[in-house]
Amino acid sequence: QVQLVESGGGLVQAGGSLGLSCAASGSIFSVNRMGWYRQAPGKQRELVATISTRTRTNYADFVKGRFTISRDNAKNTVYLQMNSLKPEDTAVYSCYAEVMTHYLGIYFDYWGQGTQVTVSS
């Protein structure tokens, strides 16, 4: 019903930049909060950043000042610009969106498939 498709992952050297995007499509009436999580091998999934419909943002301490989250409400798309990348940023990055599929429905969380970001030292 609802699909989230990410793009933009890849390999970059430490200190470099990458941009991720995630587009939600399908049976969408409304999208509330959107965001990004990441999971490194052997570690638990952790929050990276979230953004509300009114573009209020929230960042994990370990990305503040380096990553920027933004969104295009008309396109139901969320972006993550990652600068000054470090090897410890290596992980699978997954986007999520709180989606209402019909009028007077409730919001459910939907997830993308994840995209690999690898930062070499």
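The values are calculated or read from the model by the stated rules, or taken from the named source; none is laboratory data. Computed from a predicted model, the values in this text were never measured in an experiment. We place every Cβ from the backbone using ideal geometry, glycine too, and count neighbours over all the protein chains shown. Heads up: the accessible areas ignore ligands, DNA and RNA and are worked out on the full protein's heavy atoms, side chains in. Shrake-Rupley method; radii C 1.70, N 1.55, O 1.52, S 1.80 Å.
Out of everything in the stretch 57-67 that is assigned to a loop (DSSP other than H, G, I, E, B) and of a type outside the set (A, V, I, L, M, F, W, C), what residue ends up being nearest to residue 109 (Cα to Cα)? Going through the qualifying residues, I end up with 64.
Listed here are the residues, each with its yes/no results for (1) among the small types (Gly, Ala, Ser); (2) at pLDDT 95 or above; (3) within 16 Å of residue 114 (Cβ to Cβ); (4) touching a Ser or Thr at 6+ places or on another chain (Cβ under 8 Å).
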| site | (1), (2), (3), (4) |
| --- | --- |
| 66 | no, yes, no, yes |
| 75 | no, yes, no, no |
| 83 | no, yes, no, yes |
| 97 | yes, yes, yes, no |
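Scanning the stretch 72-99 for residues that are farther than 12 Å from residue 23 by Cβ and touching an Asp or Glu at 6+ places or on another chain (Cβ under 9 Å) yields 82, 91, 93, 94, 96, 98, 99. In the condition set (1) of a type in the set (Ser, Thr, Tyr); (2) without any contact (Cβ under 8 Å) to a residue 60 or more places away in the chain; (3) under 18 Å from residue 45 (Cα atoms), residue 70 is compliant with all but (3). Considered as a group, the residues in the stretch 1-25 that are within 11 Å of the chain's Cα centre (by Cα) and under 21 Å from residue 101 (Cα atoms) include one that is most open to solvent (accessible area, probe 1.4 Å), and that residue is 5.
For the stretch 28-56, filtering for residues that are within 18 Å of residue 97 (Cβ to Cβ), open to solvent by 50 Å² or more (accessible area, probe 1.4 Å) and part of a loop (DSSP other than H, G, I, E, B) leaves 6.
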